[in-house]
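The structure appears below as structure tokens.
The values are calculated or read from the model by the stated rules, or taken from the named source; none is laboratory data. What you see is a predicted model; the values in this text were computed from it and never measured. Virtual Cβ from ideal backbone geometry, glycine too; neighbours counted across all protein chains shown.
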Amino acid sequence: MSKPVKELIMQQYGERFGEYQDAVLISIRGVKAVDNNRIRHGLSKKNIRITMVRNALARKSFEGKSLSALNELMVGSSALVYGGASVVEVARELVALVSKYPALEFKGALLDGVVFKGKSGVEELSKFPTREEAIGRAITLILSPAQKVVGQIAGPGSTVAGLVKAIETKLEKGEAIAKVA
């Protein structure tokens with residue numbers, strides 16, 4: 001391959017992956033062409049992309065960027081899977097697909113500078129909460145004590161209000177109210 005072609009490929013890698021800081025690295029060697037198309041089509045509906053990369057050129061284009069953490073895992077046939085709402089969503093989708101397409105091989109993943117190596121690493125990443133799930137959990141944890149405090153305050157108040165209502169009802173009926181000793 002000529003030097004201008006290599007430079008063009010590296011430039012395209014820079015443009016394509018420049019905005020991404022997290023990705024999953026897989027090998028789709030051994031996946032039949034029809035299955036490969038099904039995988040890509042299914043993932044593209046969720047805004048997830050798969051791009052085959054030339055390892056040496058990808059390593060050079062990733063230098064100084066966050067995706068360079070995946071360089072040591074780029075051995076053999078490599079494809080970068082990126083996009084979606086988060087890399088956790090990407091990992092979840094791929095883990096779900098591996099049961100149907102066992103030829104998919106997980107090489108690793110990158111999340112916030114942390115490298116998850118191999119199949120076990122990608123499966124571990126797929127169990128992480130997505131950004132939205134983490135925010136929801138944090139809000140629940142923040143609001144939970146406040147809800148308990150409101151319940152404690154409202155509890156006795158509602159009991160008193162119930163007693164006042166019962167007294168009012170008895171007085172309206174003309175019944176006597178017994179003294180509490």
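Observations, loosely collected:
- Here Gly76 fulfils each of the conditions (1) within 19 Å of Arg29 (Cα to Cα); (2) in contact with a strand residue (DSSP E or B) (Cβ under 9 Å, 6 or more places away or on another chain); (3) surrounded by 11 or more Cβ atoms within 10 Å (Cβ to Cβ) apart from (3).
- Restricting the range 95-123 to residues that are in contact with a Gly (Cβ under 8 Å, 6 or more places away or on another chain) and under 15 Å from Arg38 (Cα atoms), the residue that is surrounded by the fewest Cβ atoms within 10 Å (Cβ to Cβ): Ala103
- Every pair of residues 6+ apart whose Cβ atoms lie under 6 Å, when the first sits in the range 78-89 and is in the same structural domain as Arg59 (by TED's automatic domain parsing) while the second is outside any strand (DSSP E or B) and among the β-branched types (Val, Ile, Thr): Ala79/Ile28; Val81/Val90; Gly84/Val90; Ser86/Thr130; Val88/Thr130; Glu89/Thr130
- If the condition is being of a type in the set (S, T, N, Q), part of a helix (DSSP H, G or I) and closer than 16 Å to Ile48 by Cα, then the range 92-132 contributes only Ser126.
- Single match in Ser27, Ser66, Ser44, Ser86 (criterion: within 20 Å of the chain's Cα centre (by Cα), surrounded by fewer than 21 Cβ atoms within 10 Å (Cβ to Cβ), of a type in the set (Gly, Ala, Ser) and at pLDDT 90 or above): Ser44
- Filter result for Val149 (at pLDDT below 90, assigned by TED's automatic domain parsing to the domain that holds Gly30 and in a helix (DSSP H, G or I)): no
- All conditions in (1) within 17 Å of Leu73 (Cα to Cα); (2) crowded, with 17+ Cβ neighbours inside 10 Å hold for Ser126, with the sole exception of (1).
- Residue list for the range 32-77, restricted to those being β-branched (Val, Ile, Thr) and either within 20 Å of Arg92 (Cβ to Cβ) or in a loop (DSSP other than H, G, I, E, B) (or both): Ile39, Ile48, Ile50, Thr51, Val75
- The single residue among Lys32, Lys100 that is more than 25 Å from Pro129 (Cα to Cα) and over 19 Å from the mean Cα position of the chain (by Cα) turns out to be Lys32.
- Test result for Met52, assigned by TED's automatic domain parsing to the domain that holds Lys117, closer than 19 Å to Met10 by Cα, of a type outside the set (Gly, Ala, Ser) and buried (at least 18 other Cβ atoms within 10 Å of the Cβ): no
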